[in-house]
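Have a look at the structure below before the remarks.
The values are calculated or read from the model by the stated rules, or taken from the named source; none is laboratory data. Worth saying up front: this structure is predicted, and the values here are computed from it rather than measured. Counting neighbours? That spans all protein chains shown, and the Cβs are built from the backbone with ideal geometry, glycine included. Heavy atoms of the whole protein, side chains included, go into the accessibility calculation; ligands, DNA and RNA do not. Shrake-Rupley method; radii C 1.70, N 1.55, O 1.52, S 1.80 Å.
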Amino acid sequence: MPIMAVQEQNDARGAARVLARTIKKCVDDARDPARHKTSFRNMYHLLESYRSHRFIPLEYQPRSERGPESLNILPSADQHVGDLRIALESALDQIYDDREKGIVSLEQVMRSMAYPDKLPAPQLEDKERTSEFLSTFIDRLYAAG
């Protein structure tokens, strides 16, 4: 996030891409999941946020064309949240038959990988679907901008 702050940008898509790439590398056994618990936790919170309100209240909607917010030269803090929602929904729909069950499956895989000493290892099929979802999600985020 510091790079985005320096450039006066706050792009939800960029942060989500970093999380998804890190977790994908862990799922694909290229990185040690125990060292990336924070990424798993943040992706879990992203999924829970989507589940609770679909990011709809976070989308920027101008109150007027020439209202006081038009004087602000900084980008909206919620920039591209709608793109994030669309990418997430598209990836869930492509990989899973049901969005809710897909989120539950993703969360179970991430929990079991982040805490292998407390939970059993995920099934190979579940790991493969999680990896496929993350690839699709990343691709959708890049396509959005």
**Complete:** Of the residues in the stretch 1-29 that are modelled with pLDDT of 90 or more and outside any helix (DSSP H, G or I), the one that is surrounded by the fewest Cβ atoms within 10 Å (Cβ to Cβ) is Asp29
**Asked** Only one of these conditions is not met by Val109: (1) open to solvent by 60 Å² or more (accessible area, probe 1.4 Å); (2) assigned to a helix (DSSP H, G or I). Which number is it?
**Response** (1)
